[in-house]
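Chemist: Handing you this structure, nothing more for now.
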Amino acid sequence: MSKKNRIGNIIWGLILIAVAAMIVLWKLEVVEFTLLAGLSIWQIVLGALFLFGLFHSLFIHRSASGAIFSVAFLAIVFGKELHIEALVPWTILLCAALLSIGIHLIFGKNKHAYPTNFGHNGRDMHGNPVTVETVEGDVISETVSFTGVTKYIHADNFTRADLSCSFCGAEFYFDNVNIPSGRAEIVINSSFCGVSLFVPRNWTVVDEMNSFLGGVDIDNRNITEPIATIVLRGSNSFAGVEVKRV
């Protein structure tokens, strides 16, 4: 963890502890907080958590999807106070999903600036720090929800990946993966999100996913002689799945 992230975690940890203390003092009527009048304890707790998620998405993960859904859940928690009860919760969640997917599809092709040899040193093309996670294993299982992530897969004998993604923006890089058998599968269960798979140009990708109000876009430009076949399976609803070449 970088020094910047560590300091950020300490600051937010102290803020959350302060919120907990404030709630206790308020409920014991030791201190009167006029700004909290009319709010339930759950609204305060959830509001603090989603506010934390908003700032964490904006300044740590730099995730548009995470920020959008944090705002959406804040709107749901305070729907009555904002006079938007008619939109709570499904209309707000649907709009957040559509916004997230739209932004992902518009800007997703340009937001990655790391070379395929993983020599990015934790920074993007503008020099901004990014959160990068490496996953190792010939069979992997990853679950992503309510955030934005970039994950690099390392495998010497890759056979299968199970990716469960919901209310998020997720990127998975497979350019440091070997498939000696020549065939593997990626099972994606995606909903209300945008998922990008980055694969080598010498892989053939076959789409066998079941999609409902979602789409799968496979980039088949400039394909070199195939050495492996990847079969996409799973379900895709209110989501966009992209396969890009690196």
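The values are calculated or read from the model by the stated rules, or taken from the named source; none is laboratory data. The shown structure was predicted, so the numbers you read here are calculated from the model rather than taken from an experiment. Heads up, the Cβs are rebuilt from the backbone with ideal geometry, glycines too, and the neighbour counts pull from every protein chain shown.
Chemist: Given V45, V30, V19, which one is modelled with pLDDT under 80, more than 30 Å from H154 (Cβ to Cβ) and exposed (fewer than 12 other Cβ atoms within 10 Å of the Cβ)? I'd like the intermediate steps shown before the answer.
Modeler: On the way: V45 fails: exposed (fewer than 12 other Cβ atoms within 10 Å of the Cβ); V19 fails: exposed (fewer than 12 other Cβ atoms within 10 Å of the Cβ).
Result of the check over V45, V30, V19: V30.
Chemist: A further question follows. V243 - would you say it is free of Cβ contacts under 8 Å to residues at least 60 places away in the same chain, touching a strand residue (DSSP E or B) at 6+ places or on another chain (Cβ under 7 Å) and either farther than 24 Å from S145 by Cβ or not in a strand (DSSP E or B) (or both)?
Modeler: Working: free of Cβ contacts under 8 Å to residues at least 60 places away in the same chain: yes; touching a strand residue (DSSP E or B) at 6+ places or on another chain (Cβ under 7 Å): yes; either farther than 24 Å from S145 by Cβ or not in a strand (DSSP E or B) (or both): no.
When the stated conditions are applied, V243 does not pass them.
Chemist: Determine which member of the set S191, S196, S181 is surrounded by fewer than 21 Cβ atoms within 10 Å (Cβ to Cβ) and closer than 20 Å to V144 by Cβ. Please lay out each step first, then the result.
Modeler: Numbers: S196 fails: surrounded by fewer than 21 Cβ atoms within 10 Å (Cβ to Cβ); S181 fails: closer than 20 Å to V144 by Cβ.
Just one listed residue meets the conditions, S191.
Chemist: Another question, then. Can you tell me which residues in segment 137-151 are under 19 Å from P180 (Cα atoms) and either in the same structural domain as S100 (by TED's automatic domain parsing) or among the hydroxyl-bearing types (S, T, Y) (or both)? Walk me through how you get there before you give the answer.
Modeler: Within segment 137-151, the subset under 19 Å from P180 (Cα atoms) is 137-140.
Answer for segment 137-151, where residues must be under 19 Å from P180 (Cα atoms) and either in the same structural domain as S100 (by TED's automatic domain parsing) or among the hydroxyl-bearing types (S, T, Y) (or both): there is none.
Chemist: May I pose another question? Would you say I76 is modelled with pLDDT of 70 or more, part of a helix (DSSP H, G or I) and β-branched (V, I, T)?
Modeler: Working: modelled with pLDDT of 70 or more: yes; part of a helix (DSSP H, G or I): yes; β-branched (V, I, T): yes.
So I76 fits the description; yes.
Chemist: Taking L94 as meeting all but one of (1) surrounded by 13 or more Cβ atoms within 10 Å (Cβ to Cβ); (2) at pLDDT 85 or above, write down the number of the exception.
Modeler: The failed condition is (2).
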